[in-house]
Amino acid sequence: MTAPRKTAPEAVLAARNVAKSYGQVHALKGVNFDIHRGHVTTLFGENGAGKSTLMKILSGVIQPTSGEIVLDGQPVSFANANEARDRGISIIHQELSLAPNLSVRDNIFMGREITGPTGVDFAEEERQVRALLTELEEDIHPLTPVENLRLGQQQIVEIARALSVDSRILIMDEPTSALSASEVEVLFKVIRDLTARGVSIVYISHHLEEALTITDHAVVLRDGVMTAYAPRAEIDLEWIVRNMVGENYDLGSPPVTERGQVALSIRGLSVPDATGQDLVRGLDLDVRAGEIVCIYGLMGAGRTEVLETVAGRLRATAGQVVLDGHEISHLSIAGRIARGLALVPEDRQRDGLVQTMSVGQNLSLASIGRFTRGLFTSRRDERALVDDSIRQVTVKTSGGHAAIGSLSGGNQQKVVIGKMLATQPRVILLDEPSRGIDIGAKAEVFRLLATGAKSGLAVVYSTSEVSECLSIAHRIIVMHKGRISAEFDSSVSKEQIMAASGESVAA
Amino acid sequence: MSATTTTAPAKPRSLNIGRLLLEGRAFFALIAIIAVFSVLSPNYFTVGNLLIMSSQVAIYGILSVGMLLVILNGGIDLSVGSILALSGVVAGALMQGVEIDALGVILYPPVWAVVVLTLCVGAAVGAVNGVLVAIFKVPPFVATLGVMYVARGVALLMTNGLTYNNLRGSEALGNTGFNWLGFYRIGGVPISVIVLAVVALAAGLMLARSAFGRWLYASGGNERAAELSGVPVRRVKITVYAVSGALAAVAGLVLASQLTSAGPTAGTTYELTAIAAVVIGGAALTGGRGNVRGTMLGAFVIGFLSAGLVIIGISSYWQTVFTGAVIVLAVLMNSLQYGGGPRKG
Ligand SMILES: Nc1ncnc2c1ncn2[C@@H]1O[C@H](COP(=O)(O)OP(=O)(O)OP(=O)(O)O)[C@@H](O)[C@H]1O
Ligand SMILES: [Mg+2]
């Protein structure tokens with residue numbers, strides 16, 4: 001920490017006794033929350049604690065059931081997000097809200113196009129986009145369609161859009177869930193610049209250590225009430241976790257398991273990117289039953305492409321995938337799932353959830369065969385399976401019938417994990433599964449994977465958080481530019497892993 | 001923007017009644033239509049008239065069940081009216097006998113064979129739609145628009161624009177009974193209505209209780225997610241269009257049988273009525289939402305409304321206006337029900 005921290009300046013934006021109910025669900029129960037000028041206020045809380053709800057109220061996206069919002073000492077009410085934006089408040093949503101078919105430039109200026117005498121001034125827009133992306137140290141062409149970007153890059157675009165507004169209050173709801181450590185570092189640099197200029201920031205993240213490095217004040221929400229508040233000097237990791245969940249979690253160390261036969265064998269796998277060039281070249285990997293392998297790498301290293309190819313969504317240009325001794329390259333996704341290979345995809349909105357179906361129908365979607373009796377599905381068996389899954393991955397919901405959209409972001413993520421675990425796989429691939437889930441849920445997922453591994457499940461776990469690798473993996477594979485650049489066992493240090501990934505080791 | 005939540009938490013009771021009215025709108029609309037016309041005309045609410053109206057609804061109803069499946073899948077099928085005509089013409093041609101040149105004989109297939117062959121033709125044309133959409137990635141609107149023209153054109157070519165009037169068959173040739181579908185009744189209920197009931201029940205069960213139904217809802221709601229969950233999305237798509245084509249053939253047979261004639265211009269614009277029934281029944285054109293019950297109500301709303309207008313002697317021009325207004329109103333309510341929910345995050 002370089003700059004000396006200021007002591008609480010006045011609150012620019014505050015929530016006073018704000019409550020929000022959705023029918024019987026009380027998301028917020030009378031919360032007071034202050035945002036101080038030029039400070040970073042971090043908001044911690046379990047999945048479903050009400051963090052996003054509070055932020056949406058402060059930024060005008062939704063209206064509170066009761067209570068008021070105070071801006072510069074004056075009570076205000078925003079009818080919609082545009083009104084709040086006009087008053088200098090902008091928000092980066094937890095779920096991406098980009099138009100996939102439009103370019104990066106058009107997304108950033110959507111609804112606020114810069115107009116000149118001859119219509120939209122595209123050249124000026126492009127110049128500003130380039131400047132923003134340079135500031136974020138991201139090499140993306142402004143005219144790329146957003147759908148061609150990786151999830152992490154889309155998140156960067158979302159951040160750039162919020163920065164382009166020049167607001168005085170910037171709310172960031174899990175802005176880094178798909179970013180790698182070095183990109184987070186860049187973002188933090190940007191945040192420090194902003195606060196130095198007097199911009200106030202709210203920051204939400206389930207990466208607690210990371211959030212601690214940027215925070216000035218921490219606030220903890222629990223079940224819709226504020227349970228703790230303290231300046232940076234008085235808090236540490238243990239304080240956050242204690243106030244968040246009431247007990248302490250240790251993500252522990254890799255479970256002791258028995259290694260069996262090679263369950264998944266990848267030989268010489270090459271995968272093309274959108275332009276047809278090989279993104280992954282000649283990749284070899286063996287995973288044994290009972291083994292937990294972690295794939296670490298930066299954004300763009302090719303991890304998602306490898307996992308999606310193994311699962312059958314992408315076509316390989318060369319190579320073989322062998323499951324339990326059988327070549328499966330010719331099988332469909334359904335065929336692979338039936339053989340016991342399941343993928344938890346990275347992007348839950350696009351690839352994980354069917355928004356028109358209920359929580360239960362989403363959970364049971366990949367294992368319909370398990371409760372089909374003859375021609376028809378058995379409601380009783382389905383309900384049993386759904387209830388089991390909800391309990392297993394600890395989804396906070398009123399029940400299987402609830403709309404998937406009524407769940408908090410982290411709970412939606414748990415549904416995606418639960419859905420694939422319900423297929424009773426022998427090999428499970430997880431692509432950044434901890435995106436947006438709280439520490440308790442992460443411990444729970446780790447416990448499930450460990451239990452699975454003890455009974456012979458082979459796990460491939462892709463992540464951009466080194467600490468996750470160290471606390472679960474028997475073996476750590478580092479990918480860099482489409483190749484395996486290093487392989488370690490669990491006694492490796494953080495720095496060694498990061499160096500092998502091509503990442504500049506941050507302080 | 002996304003901030004259109006207009007929930008009034010202060011009045012939960014009136015809100016619930018509003019919800020109920022909104023969700024049951026097709027049902028209430030049907031009740032209202034029956035009530036109004038019963039008051040206006042003593043002939044409307046009689047068993048005889050209800051059965052006659054229902055046998056007219058049957059044609060649209062059968063088509064709209066197929067349309068519902070396609071719309072649930074996130075597509076649209078503009079070709080059902082043409083497939084209906086083509087099927088009628090195929091059935092008509094088969095009833096006139098098939099000349100086999102090599103043997104120098106004319107074959108007269110029995111009626112059951114005519115029915116089976118016609119259904120196969122309908123399903124095959126539908127499957128062409130499905131393959132175009134699922135494999136060749138042609139947008140459904142365009143693919144089915146093309147097939148709509150081609151099917152109609154083939155029907156015209158087969159008949160030279162004329163109509164088959166003799167569908168009765170003859171005892172001597174052993175192919176009588178074609179008018180059974182259109183004229184017979186079981187316990188006073190027209191066969192066409194029974195066919196509709198069977199089709200609707202089967203589709204309803206399939207959607208609610210079978211794995212295929214679940215696949216259909218899932219791939220209509222989010223195709224990528226469904227595929228990654230092991231749903232065979234292409235197979236579902238092709239099947240859905242094939243079923244829609246087969247149901248159009250069923251409707252074509254019923255219509256030809258009711259009229260005892262089959263012409264190449266039958267069923268023009270019926271696809272629009274079928275879409276209207278599905279939409280009035282509360283299905284979302286974006287896919288993933290809707291059910292058979294709603295679609296049936298939608299078909300009956302349209303059928304009973306236009307029949308009522310005829311009975312009280314309102315000009316057919318006004319009927320068109322009324323039908324249009326009902327459709328717009330229905331879509332408006334759909335967007336009230338499905339739109340405006342807050343984004344989650
Ligand atoms: N539209 C809605 N309808 C019903 N319930 C809702 C709705 N939106 C949020 N909720 C409920 O409100 C509670 C708080 O949700 P919120 O999204 O604020 O949680 P969060 O703290 O952001 O969690 P996460 O860390 O998982 O993002 C949850 O129990 C959620 O199920
Ligand atoms: Mg949230």
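Things worth noting here:
- Under 5 Å, built H, 5+ apart or other chain: amide partners of A:V12: A:I35, A:H36, A:R37
- Phi-derived couplings, Karplus 6.51 cos²θ - 1.76 cosθ + 1.60 at θ = phi - 60°, listed residue by residue for the stretch B:298-303: x, 5, 5, 4, 5, x Hz, with x used for Gly and Pro.
- By the Cα gyration tensor, the stretch A:350-424 has an equivalent ellipsoid whose semi-axes, rounded to whole angstrom, run 19, 12, 12 from largest to smallest.
- Taking every residue in A:352-363 and counting other chain Cβ atoms within 10 Å of its Cβ, the average works out to 5.
- Per-residue ellipticity at 222 nm from helix content only, as computed over chain B with -39500 (n - 2.57) for each DSSP H run of at least four residues, stands at -23000 deg cm²/dmol.
- Value of Rg to Rh for the protein assembly as shown (Rh from inverse mean 1/r over Cα pairs, i.e. Kirkwood): 1.03
- Nearest-0.05 FRET efficiency for A:E68 and A:Q24, computed from C-beta distance (R0 25 Å): 0.55
- For chain A, the mean residue ellipticity at 222 nm estimated from helices alone is -9000 deg cm²/dmol, where every DSSP H run of n ≥ 4 contributes -39500 (n - 2.57) and the total is divided by all residues, rounded to the nearest 500.
- Segment A:T317-A:A79, length gained on full extension (0.36 nm per residue, minus Cα span): 80.5 nm
- Remark: for residue pairs A:K56/A:K189; A:K414/A:K442; B:K137/B:K237; A:K396/A:K442; A:K56/A:K414, the C-alpha separation exceeds 20 Å in A:K56/A:K189; A:K56/A:K414.
- Relative contact order of chain A, defined on C-alpha pairs under 8 angstrom at six or more residues apart (%): 16
- Whole-Hz ³J(HN,Hα) from phi, Karplus 6.51 cos²θ - 1.76 cosθ + 1.60, for the stretch B:253-261, glycine and proline x: 5, 4, 5, 4, 5, 5, 8, 6, 7
- Classified by the C-alpha gyration tensor, chain B has an oblate form. Its axis ratio a/c, with a ≥ b ≥ c, is 1.5 or above, and a/b does not exceed b/c.
- Equivalent ellipsoid, the stretch A:11-245 (semi-axes from 5 times Cα gyration tensor eigenvalues, Å): 30, 21, 16
- Share, in percent, of DSSP beta bridges within chain A that are antiparallel, nearest 5: 55
- 3J(HN,Hα) from dihedral phi, the stretch A:121-130, Karplus parametrisation 6.51/-1.76/1.60, rounded to Hz, x for glycine, proline: 8, 5, 4, 5, 4, 5, 4, 5, 4, 4
- Cross-link partners of A:K29 among aspartates and glutamates (Cα-Cα below 16 Å; sequence separation of 8 or more within a chain): A:E46, A:E68, A:D223
- Likely footprinting exposure, A:K51, A:K454, A:K442, A:K396, fewest C-beta neighbours within 10 Å first: A:K454, A:K396, A:K442, A:K51
- Put a dot 7 Å past the Cα of B:E171, heading toward its Cβ, do the same for A:T213, and the two dots end up 9.7 nm apart.
- Judged by the ratio a/c of the largest to the smallest principal axis of the C-alpha gyration tensor, the stretch B:19-97 counts as oblate, that ratio being 1.5 or greater while a/b is no larger than b/c.
- Across q = 0.10, 0.14, 0.20 Å⁻¹, the stretch B:141-231 modelled as identical point scatterers on its alpha-carbon atoms has Debye log10 I(q)/I(0) values of -0.59, -0.93, -1.02, in the order of the q list.
- For a modelled paramagnetic label at A:E487, 7 Å from Cα along Cα-to-Cβ, the residues of the stretch A:317-349 in reach, with backbone nitrogen under 19 Å, are A:319-325.
- Separation between Cα centres of the stretch B:199-259 and the stretch A:209-276, rounded to whole Å: 43
- Close amide H contacts of A:I91 (hydrogens built in the peptide plane, cut-off under 5 Å, sequence separation of 5 or more or a different chain): A:I171.
- Take each peptide in A:274-281, A:445-452, A:199-206, count the other Cβ atoms within 10 Å of every residue, and average; sorted highest first, the result is A:199-206, A:445-452, A:274-281.
- Counted over the protein assembly as shown, the DSSP beta bridges are approximately 60% antiparallel.
- Under 5 Å from the amide H of A:N47 lie the amide H atoms of A:D438, each residue being 5 or more positions distant or on a separate chain, with H modelled from the backbone and absent for Pro and chain starts.
- Restricting the calculation to alpha carbons of chain A gives Rg and Dmax of 23.0, 71 angstrom.
Read the figures in this text as sums done on the coordinates, not as results from a lab. Small disclaimer: the values here were computed from a predicted structure and weren't measured. Virtual Cβ from ideal backbone geometry, glycine too; neighbours counted across all protein chains shown.
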